[in-house]
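Undergrad: Can you keep this structure in mind? I'll have questions shortly.
The values are calculated or read from the model by the stated rules, or taken from the named source; none is laboratory data. This structure is a prediction, so every number in the text was calculated from the model and none was measured. As a convention, Cβ positions derive from the backbone with ideal geometry for all residues, glycine included, and neighbour counts pool all protein chains shown.
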Amino acid sequence: MTDTRKSPQGEWSSHFAFILAATGSAVGLGNIWKFPYITGENGGGAFVLVYLLCVVLIGAPIMIAETLMGRRGRHNPITTMETLTAEAHADPHWHYLGWMGISAGILILSYYSVIAGWASGYVLKAFTGSFFGADAPAIKQQFADFIGSPIQLAFWHTAFMLATMWIVKQGIHNGLEKALRWLMPSLFVLLILLVGYAMTTPGYFQGLHFLFNLDFSKLTGGSVLTAMGQAFFSLGLGMGAVMVYGAYLPKKVSITETVVIVSLADTVVALLAGIIIFPIVFSNGLPVNSGPGLIFETLPIAFGSMTGGWLFGIMFFVMLVLAALSSSVALIEPAVAWLVEARGFSREKAALWAGLLTWLLGFASIFSFNSWAGFKLFGHNLFELLDYVTANLMLPIGGFAIAIFAGWMMTADHSEAELDLPKPQYQIWQLLIKYLAPAGVFFVFLHVVGVL
Ligand code: PHE
């Protein structure tokens, strides 16, 4: 029956195209901007270990589940959940999972685009030579001036949202596939080159020590939750992006193989970013816990002093913007697919409306860094609150629900048919998705509210 079920929006042109798109969705600001600064805020090595455990034991099995549900449902997250619940004779309320995913995607993109706007603004700064010869305090000041200006942030946020809407309007398999073919490999090469630079800095070993030394005394309940949230955020899980991408996946492709490749690539990029940034932090005597500005306050110092730094700086920020774009289209795609499939919008109109809403919401984050910086709820500004609620709560809750659905609601025949794995491997996945992954999410939540 599912063989006749087709995605109304077509399919990826090949297995490789799907791997590229899924890697494009996973690799983004989460790896290069967020991973280093939250690692800095949460004490380093022990946090990194918890993050890695969450990727392997919770993230990867759930990513397999989300992809297979998408491929079986073949639609946007809401319609897919309706189809799958009907097929499994489950409670129709499960389709709220689709709603939560779509909302999480829009909320995340609203601040993601603002940060991607910072990276875009830094392309221009790199180009005009602003970092040349500047020391750490001067670079820090440049960043403070930049985020202190709502006009500049609004300008770049608008530009980034327009670019996202433009790509989404074409249909994600057209423009995006081609661009990613060279983007992902070049990003990788550039990161390796920058690791080469980091190795020449005096703080190299101190940086590595911070990143990999296990000091569990620094680990709090809050940091365990942040590590788990980051696993979801970085893999792009729990909000329907993987589900819609799965919906465009040809039938014969191996889901597990793809998930292994994508999660490995995602993890390697995050670790490389850490290996580049912390040596620069220590070499310049900077604080590790300076928050969301970390890469903007550290990397320009390197670009301003190294040979060829002008070119490296431009290339780095251009690639960061492009990597962010290949994630932003995934963040908005669930909403767009729903508007097209369930509401009869053209792709163009769907991209316009979903984009407009996200763009407007983005102003809450823009003002968090300047005009409304003093406005706090529960001790957090609006940007921090949005990030916390989406990454640490909505994504893990979405992931938990996906695990329960794939493990307990779908019949084993159906999931087995989608995965097409040898029996023992299938059973390992079943064990992870039924017990370990949901229990992991649950225990982390209990830990945070202080029950455990
Ligand atoms: N994974 C992306 C990143 O790390 C962000 C993202 C989150 C993309 C959720 C899609 C869905 O930058």
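Undergrad: Just to check your reading of the model, which residue among 345, 367 is closer than 25 Å to residue 165 by Cα, in a loop (DSSP other than H, G, I, E, B) and either at pLDDT 95 or above or not polar (S, T, N, Q) (or both)? Outline the logic, then answer.
TA: On the way: 367 fails: in a loop (DSSP other than H, G, I, E, B).
Criteria check complete, one pass: 345.
Undergrad: If you check residue 417 against the conditions, is it more than 26 Å from residue 99 (Cβ to Cβ), outside any loop (DSSP other than H, G, I, E, B) and out of contact with any helix residue (DSSP H, G or I) (no Cβ under 6 Å at 6 or more places or on another chain)?
TA: So residue 417 fits the description; yes.
Undergrad: Quick one: in region 253-274, of everything that is in contact (Cβ under 8 Å) with a residue 24 or more places away in the chain and over 19 Å from the mean Cα position of the chain (by Cα), which residue is farthest from residue 11 (Cα to Cα)?
TA: 256
Undergrad: Can you tell me which of (1) at pLDDT below 95; (2) more than 12 Å from the ligand (Cβ to nearest atom); (3) within 22 Å of the chain's Cα centre (by Cα) is the one residue 67 doesn't meet?
TA: (1)
Undergrad: Considering only region 206-241, how many residues are in contact with a Leu (Cβ under 7 Å, 6 or more places away or on another chain) and within 21 Å of residue 111 (Cβ to Cβ)? Outline the logic, then answer.
TA: First, the residues of region 206-241 that are in contact with a Leu (Cβ under 7 Å, 6 or more places away or on another chain): 214, 229, 232-233, 237-239, 241.
Narrowing the set further to residues that are within 21 Å of residue 111 (Cβ to Cβ) leaves 229, 232-233, 237-239, 241.
Within region 206-241, residues that are in contact with a Leu (Cβ under 7 Å, 6 or more places away or on another chain) and within 21 Å of residue 111 (Cβ to Cβ) number 7.
Undergrad: Looking at 118, 94, 99, can you tell me which residue is part of a helix (DSSP H, G or I), in contact (Cβ under 8 Å) with a residue 24 or more places away in the chain, surrounded by fewer than 24 Cβ atoms within 10 Å (Cβ to Cβ) and aromatic (Phe, Trp, Tyr)?
TA: 94
Undergrad: Hey, any hits in region 385-397 for a residue that's assigned to a loop (DSSP other than H, G, I, E, B), of a type in the set (A, V, I, L, M, F, W, C), surrounded by fewer than 24 Cβ atoms within 10 Å (Cβ to Cβ) and more than 16 Å from the ligand (Cβ to nearest atom)?
TA: no
Undergrad: Check off (1) surrounded by fewer than 21 Cβ atoms within 10 Å (Cβ to Cβ); (2) part of a helix (DSSP H, G or I); (3) in contact with a Gly (Cβ under 9 Å, 6 or more places away or on another chain); (4) not hydroxyl-bearing (Ser, Thr, Tyr) for residue 329 and give me the number that stays unchecked.
TA: (1)
Undergrad: Any residue at all in region 349-364 that is in contact with a helix residue (DSSP H, G or I) (Cβ under 9 Å, 6 or more places away or on another chain), surrounded by fewer than 20 Cβ atoms within 10 Å (Cβ to Cβ) and not in a helix (DSSP H, G or I)?
TA: No, region 349-364 has no match at all.
Undergrad: Given 281, 340, 288, which one is more than 22 Å from residue 137 (Cβ to Cβ) and more than 16 Å from the ligand (Cβ to nearest atom)?
TA: Result of the check over 281, 340, 288: 340.
Residues are listed down the side, and each one gets a yes or a no for (1) within 16 Å of the ligand (Cβ to nearest atom); (2) within 25 Å of residue 350 (Cβ to Cβ); (3) under 21 Å from the mean Cα position of the chain (by Cα):
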| residue | (1), (2), (3) |
| --- | --- |
| 91 | no, no, no |
| 95 | no, yes, no |
| 101 | yes, yes, yes |
| 104 | yes, yes, yes |
| 112 | yes, yes, yes |
| 116 | yes, yes, yes |
| 119 | yes, no, yes |
| 124 | no, no, no |
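Undergrad: Still on this structure, I have one more. Do we find a residue being away from the ligand (no atom under 16 Å from the Cβ), assigned to a helix (DSSP H, G or I) and either surrounded by 24 or more Cβ atoms within 10 Å (Cβ to Cβ) or free of Cβ contacts under 8 Å to residues at least 40 places away in the same chain (or both) anywhere in region 219-240?
TA: no
Undergrad: Still on this structure, please answer the following. Pairs only if they're at least six apart or on different chains, beta carbon under 8 angstrom, first in region 411-437 and under 15 Å from residue 68 (Cα atoms), second of a type in the set (Asp, Glu); list them, first residue then second.
TA: That search, which allows pairs on different chains as well, returns 414/87; 426/416.
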